[in-house]
Amino acid sequence: MSTLQILSVVLITAALICYSIGVWAERIAKYLKRWHVLFFWSGFIFDVSGTYAMHLLATGPFDITELHTLTGQIALWLMFFHAIWATRAIIKKDERLLKTFHRFSVFVWLVWLIPYFGGMFLGMSK
């Protein structure tokens, strides 16, 4: 396994850990807190970094019609929107949203798992 392959696995796994901590801590608390948002952003940054490392490893061109690429892009954009919306909810101190945001967080996390596990299975099949 090359250094870049190891780095990409470590980054994507760090994304899973950070994002999961943020999402599930928020879900358990049923209230969005500032530190949850920091974990959302950390997970997103690790995911983008790991995705870029994997892009450098890819042998073919970027192809949005490939299922793994498409689901990965959807998940990244959802994570980005999720982190921005969570940040806005914290800044605005929107109590209604702070109490119900966890529903959207769990949805985004579940969508994110599709390319995470898809990539894992693709990697094992090579």
(message) Leaving out ligands, DNA and RNA, and with a 1.4 Å probe, what % of the accessible surface on the chain is carbon or sulfur?
(response) 73
(message) Could you check the spin-label model distance between Leu97 and Ile17? Points 7 Å from the Cα along Cα→Cβ, value in nm.
(response) 3.1
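If you filter region 28-125 for trypsin sites (Lys or Arg not before Pro), then keep DSSP loop positions with at most 10 other Cβ within 10 Å, what is left?
Lys93
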(message) Looking at the chain, identify the longest residue range that excludes and avoids all chymotrypsin sites (Phe, Trp or Tyr not before Pro) in DSSP loops having at most 15 other Cβ atoms within 10 Å.
(response) 63-126
(message) Straight-line reach only, C-alpha to C-alpha below 18 angstrom: list the aspartates and glutamates that Lys92 could link to, leaving out same-chain residues fewer than 8 apart.
(response) Glu26
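Using the heavy atoms of the protein chains alone and a 1.4 angstrom probe, what is the accessible area of the chain per residue in square angstrom? Please report the intermediate quantities before stating the final value.
On the way: 7730 Å² over 126 residues.
Each residue of the chain exposes 61 Å² on average to a 1.4 Å probe.
The values are calculated or read from the model by the stated rules, or taken from the named source; none is laboratory data. Keep in mind that what you see is a predicted model, and the values were worked out from it rather than measured. We place every Cβ from the backbone using ideal geometry, glycine too, and count neighbours over all the protein chains shown. With ligands, DNA and RNA removed, areas are computed over all heavy atoms of the protein, side chains included. Shrake-Rupley method; radii C 1.70, N 1.55, O 1.52, S 1.80 Å.
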